[in-house]
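Enquirer: For reference, the structure I am asking about is given below.
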Amino acid sequence: MSDKPLFTYDYYEPGKVYGVTEFTVDETVVAKWRSVYPGDNDPGVMPAGMLAMIIVGAVLTCNAPRPPGGVHGGQTFDVRRMPRIGETLLTEVKCLDKEIKKERKWVRALTTTRSKDTGEIVLTGIMTTLVAQ
């Protein structure tokens, strides 16, 4: 069992940073993706369809453990440029806000993904989650 607190609705604090994850855009992972989605093949950069993998992975890693039963409610991206193959990315996860609508508890996480080498912002995203009770 984890010694970390459970990420319930009450635990989230708007403005609080919950962590940073690291992801390297590895050629092997990209090749596997392209074997399933051959049309997603812009040379030298990560396929666009893989962006969600970075953001969801970062949020699930930094906001854990969670109670079972949460629902992914939506996701948006602001892409400044596509990550390059071989590039290492750092993704910061922060609680943007939270609200209760019709007795449902919603949390929005803001993610900022940067190049580890240059600090350049590559993309930002917002992931909306219905938090389990």
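Enquirer: Within the stretch 24-33, is there a residue that is surrounded by fewer than 17 Cβ atoms within 10 Å (Cβ to Cβ), modelled with pLDDT of 95 or more and touching a strand residue (DSSP E or B) at 6+ places or on another chain (Cβ under 9 Å)?
Expert: Yes, the stretch 24-33 contains at least one residue that is surrounded by fewer than 17 Cβ atoms within 10 Å (Cβ to Cβ), modelled with pLDDT of 95 or more and touching a strand residue (DSSP E or B) at 6+ places or on another chain (Cβ under 9 Å).
Enquirer: When the residues of the stretch 1-14 are narrowed to those that are out of contact with any Phe, Trp or Tyr (no Cβ under 9 Å at 6 or more places or on another chain) and not in a loop (DSSP other than H, G, I, E, B), which ends up surrounded by the fewest Cβ atoms within 10 Å (Cβ to Cβ)? Steps first, please.
Expert: Residues of the stretch 1-14 out of contact with any Phe, Trp or Tyr (no Cβ under 9 Å at 6 or more places or on another chain): 1-4, 6, 8, 10-11, 13-14.
Checking the rest, the ones that are also not in a loop (DSSP other than H, G, I, E, B) come to 10-11.
On the way: Asp10: 11, Tyr11: 15.
Among those that are out of contact with any Phe, Trp or Tyr (no Cβ under 9 Å at 6 or more places or on another chain) and not in a loop (DSSP other than H, G, I, E, B), it is Asp10.
Enquirer: Within the stretch 46-76, track down each residue that is without any contact (Cβ under 8 Å) to a residue 24 or more places away in the chain and either outside any helix (DSSP H, G or I) or of a type in the set (Asp, Glu) (or both).
Expert: Pro47
Enquirer: Looking only at residues that are in contact with a helix residue (DSSP H, G or I) (Cβ under 7 Å, 6 or more places away or on another chain) and closer than 14 Å to Val56 by Cα in the stretch 116-133, which one is surrounded by the fewest Cβ atoms within 10 Å (Cβ to Cβ)?
Expert: Among those residues, the one meeting the criterion is Leu123.
Enquirer: Hey, another quick one. Would a scan of the stretch 36-47 turn up a residue that is at pLDDT 95 or above and hydroxyl-bearing (Ser, Thr, Tyr)?
Expert: Within the stretch 36-47, none of the residues are at pLDDT 95 or above and hydroxyl-bearing (Ser, Thr, Tyr).
Enquirer: Of the conditions (1) touching a Pro at 6+ places or on another chain (Cβ under 9 Å); (2) over 15 Å from Gly125 (Cα atoms), Val71 clears all except one; give me its number.
Expert: Just one mismatch for Val71, condition (1).
Enquirer: Moving on. Please go through the stretch 15-34 and give me each residue that is more than 17 Å from Leu51 (Cβ to Cβ) and not in a helix (DSSP H, G or I), ordered by number.
Expert: Across the stretch 15-34, the qualifying residues are Gly15, Lys16, Val17, Tyr18, Gly19, Val20.
Enquirer: A follow-up question, please. Residue check, Pro68 against (1) surrounded by fewer than 17 Cβ atoms within 10 Å (Cβ to Cβ); (2) under 18 Å from the mean Cα position of the chain (by Cα), all met but one. Which one?
Expert: So Pro68 meets the others, but not (2).
Enquirer: Do you know which residues across the stretch 7-50 are closer than 13 Å to Gly86 by Cβ and within 19 Å of the chain's Cα centre (by Cα)?
Expert: The answer is Phe23, Thr24, Val25, Asp26, Val29, Val30, Val45, Met46.
Enquirer: Could you list, in sequence order, the residues of the stretch 29-45 that are in contact (Cβ under 8 Å) with a residue 40 or more places away in the chain and among the acidic types (Asp, Glu)?
Expert: Residues of the stretch 29-45 that are in contact (Cβ under 8 Å) with a residue 40 or more places away in the chain, as a first pass: 30, 42, 44-45.
Of everything in the stretch 29-45, just one residue is in contact (Cβ under 8 Å) with a residue 40 or more places away in the chain and among the acidic types (Asp, Glu), namely Asp42.
Enquirer: Can you pull out every residue in the stretch 81-130 that is aliphatic (A, V, I, L, M) and in contact with a Lys or Arg (Cβ under 9 Å, 6 or more places away or on another chain)? Steps first, answer last, please.
Expert: Quick first cut of the stretch 81-130, residues aliphatic (A, V, I, L, M) only: 82, 85, 89-90, 93, 96, 100, 107, 109-110, 121-123, 126-127, 130.
Across the stretch 81-130, the qualifying residues are Leu89, Leu90, Leu96, Val107, Ala109, Leu110, Ile121, Val122, Leu123, Ile126, Met127, Leu130.
Enquirer: Being surrounded by 14 or more Cβ atoms within 10 Å (Cβ to Cβ) and charged (D, E, K, R) is the filter here, so list the residues in the stretch 98-115 that pass it. Steps first, answer last, please.
Expert: Narrowing the stretch 98-115 to residues surrounded by 14 or more Cβ atoms within 10 Å (Cβ to Cβ): 98, 105-115.
Once the filter is applied, which keeps residues that are surrounded by 14 or more Cβ atoms within 10 Å (Cβ to Cβ) and charged (D, E, K, R), the stretch 98-115 yields Lys98, Lys105, Arg108, Arg114.
The values are calculated or read from the model by the stated rules, or taken from the named source; none is laboratory data. Everything numeric in this text was worked out from a predicted model, so none of it was measured. Reconstructed Cβ throughout: ideal geometry from the backbone, glycine too, with neighbour counts over all protein chains shown.
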